[in-house]
Amino acid sequence: MAEKIKKKTLWMRYVDFEKIKDMLHLIYENNGKLRAKELENLSIKKGILVKENGQPFTHTPRYHYRKVMENLELVEVKNRHYYISENEKAIKLLQLTDFNVSLSLEAKELLGEIILENEDCRRYFFDVFIDKSYYTLKDLRKEGTHVFVETKSMISSPNIKTPNKKKKVNRIILRSPLGKVIELNTQDEVQAIYWGVRLWALNLGITDEIMTSFTEGRIIYPINQSFFEEVYNSILNKIIEKVKIDKSDSNWILIYIPSLIKEVVLTYRFSISEIQKALYNLRLKYPSMVMFIPTSTAFIDIKTPYEKQDKVIRKLYLYKADKGYLSHIRIKKEILGKVIA
């Protein structure tokens, strides 16, 4: 049964953690000296809270950046002035990062731990992935499961009206094979969880997402971080299985790349980039036995009526600058002798 989300917990909104990191360094350099308005003005002056065209963020996103830092306990507000939190991980994050220098993988992982320790983030997003009351980021990566995203368009349920507003909201449901469900029924819930925490997890490499078609919907899963050799061997074994069960007279078999990636994801939860890297390596290792077949973007794009979803669908295809998107792998059956030998 889905748990009702309390409005007071809906402080989560989309933020760029590169900007959060830079704001933390500004606070550290001016510890206890800046009030909210002064912090925002300095962040604008330093090119942090600005759009790509250089224009300052409006009041609402500036507010959300401050509230995210506060609620993740990266900073403390005393007498309306901002201080770096005495939280051990907040201090470590400063030590691992530099102003205007991109976050390292280690820093992103630490941010992931900080987010996962937050009660609201766990309760209204991460808990749906794992059957434990307490867990770490390592536990989530090792033991988590995938989650299906259901929308109004897929399940034909009525729009939900937001409280005190006439604007209708398309309900979003996160449903896991564990029987856990999170329902996002209001605009605030959708913005906080679906466009907030979900994108934090995706951008920090905690989760990855796939979508083979609009009708099937989006699948979110915690990334199982593994050595590349394990990823490569797991995919090779999947391909060998398909070669062995093929009963056709042809010397080649044809494998649809999005279906293969989906199968690997649901079995092993490797990141899509690592799976793609393994497929490219397979082609390099067996150039006479592995061929890629291109497709058109028009063929890919007919799978969804929404332009913004094309990106996640296209992730399931390989891409080469000289050939475009690649939809199939042609495997020569003689590869069995090479691999098994």
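Sorted into 5 angstrom bins from 0, the C-alpha pair distances of segment 1-103 split as 2, 12, 23, 25, 19, 10, 5, 3, 1, 0 percent.
Checking every one of the trypsin sites (Lys or Arg not before Pro) in segment 216-249 against DSSP loop status and a limit of 11 other Cβ atoms within 10 Å picks out Lys247.
Structure shown: which of Lys46/Lys89; Lys19/Lys46; Lys247/Lys315; Lys285/Lys338; Lys19/Lys67 lie over 21 Å apart, alpha-carbon to alpha-carbon?
Working: Lys46/Lys89 25 Å; Lys19/Lys46 11 Å; Lys247/Lys315 30 Å; Lys285/Lys338 11 Å; Lys19/Lys67 13 Å.
Distance filter (> 21 Å) returns Lys46/Lys89; Lys247/Lys315.
Considering only Thr97, Thr207, Thr145, the mean-square fluctuation computed in a Gaussian network model of the chain, springs between alpha carbons under 10 angstrom, is largest for Thr97. Rounded to the nearest 10 degrees, the inclination of helix 59-71 to the longest alpha-carbon principal axis of the chain is 80 degrees. Ignoring aspartates and glutamates fewer than eight residues from Lys242 along the same chain, the ones with Cα atoms less than 19 angstrom from its Cα are Glu230, Glu263, Glu334.
For Ile219, the shell of other residues with beta-carbons less than 10 Å away shows a net charge of -1, using +1 for Lys and Arg and -1 for Asp and Glu. Surface listing: Lys21, Lys33 arranged by accessible area from highest to lowest gives Lys33, Lys21, probe 1.4 Å. Could you give the longest part of the chain that holds none of the chymotrypsin sites (Phe, Trp or Tyr not before Pro) found in DSSP loops with at most 13 neighbouring Cβ atoms within 10 Å? It works out to 1-133. In the Gaussian network model of the chain, springs joining C-alpha atoms below 10 Å, which of Met23, Met289, Met12 carries the largest mean-square fluctuation? Highest fluctuation of the listed residues: Met289.
Derived from the Cα gyration tensor, the three semi-axes of the equivalent ellipsoid of the chain are 41, 24, 19 Å, largest first. Electrostatic bookkeeping for Ser250 treats Lys and Arg as +1 and Asp and Glu as -1; over the other residues with beta carbon under 14 Å from its beta carbon, the sum is +2.
When the chain is described by a simple charge dipole with +1 on each Lys and Arg Cβ and -1 on each Asp and Glu Cβ, the residue from Ile335, Phe57, Ile206 located farthest towards its positive end is Phe57. Residues of segment 57-76 with backbone nitrogen within less than 19 Å of a virtual label 7 Å along the Cα-to-Cβ line of Glu119, please, listed as ranges. In segment 57-76, the label zone of Glu119 (backbone N under 19 Å from the point 7 Å along Cα→Cβ) covers 67-76.
How much mean residue ellipticity at 222 nm does the chain get from its helices, if each DSSP H run of length 4 or more adds -39500 (n - 2.57) and you divide by all residues, to the nearest 500 deg cm²/dmol? Write down the numbers at each step before the final one.
On the way: 15 runs with 140 residues, N = 341.
Computed ellipticity for the chain at 222 nm equals -12000 deg cm²/dmol.
Which of Glu189, Glu117, Glu106 moves the most in a Gaussian network model of the chain with Cα springs under 10 Å? Residue with maximal mean-square fluctuation among Glu189, Glu117, Glu106: Glu106.
Partner aspartates and glutamates whose Cα lies under 12 Å from the Cα of Lys132, excluding those fewer than 8 positions away in the same chain, are identified as Glu143.
The values are calculated or read from the model by the stated rules, or taken from the named source; none is laboratory data. These figures come from a predicted structure and were not determined experimentally. FYI the Cβ positions are ideal-geometry reconstructions off the backbone, even for glycines, and counts take in every protein chain you see. Remember, those area values only see protein heavy atoms, side chains included, never the ligands or the DNA or RNA. Shrake-Rupley method; radii C 1.70, N 1.55, O 1.52, S 1.80 Å.
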